[in-house]
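Asks: Here it is, the structure in full.
None of the figures in this text is laboratory data; all of them are computed from the coordinates on show. Everything numeric here is computed off the predicted structure, so don't read it as measured data. Because the Cβ atoms are built from the backbone with ideal geometry, glycine has one as well, and the counts that use them run over all protein chains shown.
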Amino acid sequence: MIAGVDGCPDGWIVVTSETWPCARKPRPLLCPDFGAVLEATASCDAVVVDMPIGLPAGPVARLCDVEAREALGRDSQSRVFYAPPRGALEADSSTDFQHLHRQLAGRAAALPVWGIVPKLREVDALITPALQARVVEFHPELAWKRLAGRVLASKHRADGLLQRLNVLLETGRIDGFGIESGTLTGKATFDDILDAAVGLSVAAHVVGGEKPRRLPGSGPVCDERGLRMEIWY
């Protein structure tokens, strides 16, 4: 079993499948917190999560973030945010967060970064180097580019959503999602579900790929806690 995971307004969307391409409709599940994600995916051979794992301590940006921006080219700044220093996660307000970020990184954080801080805290509190044997970070935009052969339109536009649906149809044989009653009772956007679904293609490679498909290309660097700072795609 493999899983793709993406954050959503009411927690985390988890999409699981036995294989990629999918032999059956993948199953989406809404989890309230990252602890529930780990419980729901305990039997999975690989779990890919759209959230930074492994954080810098100071002003040097993660090399995987730098290379992800280079790979996506135009508009990459709005698609790849530099992961904040771990110390900035202690902030209890956006103002305090920017203050700590400037102190530690020497620059302000992109405005959307504060919005993911609560989920960053969840992941950082529970992830360990041992867990990274099967729970790794991925970036949906890199996965979409790899499958489509080009950078797709923004997922916040209608044409971007349609492009992503077509990619899943063509490469993953996904013609819908198997949704059991009661599994998706909270708030999640369709692009969250699509991003989690494309993660299945990455998780399958984590399990069976001959060569790791990840950034940085020179190999991962570990943070002060021994967590690999890497992005799979």
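Asks: Test of understanding: ordering Phe138, Phe34, Phe97, Phe177 by Cβ neighbours within 10 Å, fewest first, what list do you get?
Replies: Lowest to highest Cβ neighbour count: Phe177, Phe97, Phe34, Phe138.
Asks: Can you find, among Gln163, His139, Val80, the residue sitting farthest towards the positive end of the charge dipole of the chain, where Lys and Arg contribute +1 and Asp and Glu -1 at Cβ?
Replies: The one lying farthest along the dipole's positive direction is Gln163.
Asks: Please get the size of the charge dipole for the chain, origin at its Cα centre, with Cβ charges of +1 on Lys and Arg and -1 on Asp and Glu, quoted in debye to the nearest 20. Write down the numbers at each step before the final one.
Replies: Details: 26 positive and 29 negative charges, 122 e Å.
In total the dipole reaches around 580 debye.
Asks: Across the chain, where is the longest run that never hits GluC sites (Glu not before Pro) in a DSSP loop with at most 16 other C-beta atoms within 10 Å?
Replies: That would be 19-179.
Asks: Express the Stokes-Einstein translational diffusion coefficient of the chain in µm² s⁻¹, to the nearest whole number, given a Kirkwood radius over alpha-carbon pairs, 37 °C and a viscosity of 0.692 mPa s.
Replies: It diffuses with D of about 184 µm²/s by this estimate.
Asks: Something else about it: Taking only DSSP H segments of four or more residues, each worth -39500 (n - 2.57), what value at 222 nm results for the chain once the sum is divided by all its residues, to the nearest 500 deg cm²/dmol?
Replies: Value at 222 nm, helices only: -11500 deg cm²/dmol.
Asks: Between the range 40-57 and the range 61-132, how far is it from one alpha carbon centroid to the other, in angstrom?
Replies: First find each Cα centre; the distance between them is then 15 Å.
Asks: Provide the descending list of Cα extents for the range 57-101 along its principal axes, expressed in whole angstroms.
Replies: Cα spread of the range 57-101 along its principal axes, largest to smallest: 33, 19, 11 Å.
Asks: Sticking with this one: I want the local charge near Val206. Using Cβ-Cβ distances under 10 Å, sum +1 for each Lys or Arg and -1 for each Asp or Glu among the other residues.
Replies: Net of charged neighbours comes to +2.
Asks: A further question follows. Quick check: the angle from helix 94-105's long axis to the longest principal axis of the chain, C-alpha only, nearest 10 degrees?
Replies: It is inclined by approximately 70 degrees.
Asks: Continuing with the same structure: Ignoring solvent entirely, what values of log10 I(q)/I(0) come out of the Debye formula for the range 181-233 at 0.14, 0.19, 0.26, 0.27 Å⁻¹ when each Cα is a single scatterer?
Replies: Each listed q maps to, in turn, -0.56, -0.80, -1.00, -1.03.
Asks: Report, in degrees rounded to the nearest 10, the 0 to 90 angle that the Cα long axis of helix 63-72 makes with the longest principal axis of the chain.
Replies: It is inclined by approximately 50 degrees.
Asks: Would you order Ser154, Ser218 from fewest to most other beta-carbon atoms within 10 Å of each residue's own beta-carbon?
Replies: Lowest to highest Cβ neighbour count: Ser218, Ser154.
Asks: Neighbour counts of other C-beta atoms within 10 Å: give me Met1, Met229 arranged from fewest to most.
Replies: Fewest to most other Cβ atoms nearby, the residues stand as Met1, Met229.
Asks: Additional query: Taking the alpha-carbon set of the range 85-186, what are its Rg and Dmax in Å?
Replies: Values for the range 85-186 (Cα only, Rg and Dmax): 18.2, 49 Å.
Asks: A further question follows. May I ask what percent, to the nearest 5, of DSSP beta bridges between residues of the chain are antiparallel?
Replies: 65
Asks: Follow-up question, since we're still on this one. Rg and Dmax of the range 2-49 over Cα atoms: what are they, in angstrom?
Replies: Reported Rg and Dmax, both Å: 10.2, 29.
Asks: Next question. Under 8 Å for C-alpha pairs, at least 6 residues apart: give me the relative contact order for the range 102-233, rounded to a whole percent.
Replies: Computed over the range 102-233, the figure is 29 percent.
Asks: Continuing with the same structure: What's the local net charge at Arg146, with K and R +1, D and E -1, over the other residues with C-beta under 12 Å away?
Replies: Taking every other residue near Arg146 into account, the sum is +3.
Asks: Given all pairs of different Cα atoms, what value in angstroms does the Kirkwood hydrodynamic radius of the range 110-168 take? Intermediate values should be presented prior to the final figure.
Replies: Details: mean 1/r = 0.0722 Å⁻¹.
Taking every pair of different Cα atoms in the range 110-168, averaging 1/r and inverting gives 13.9 Å.
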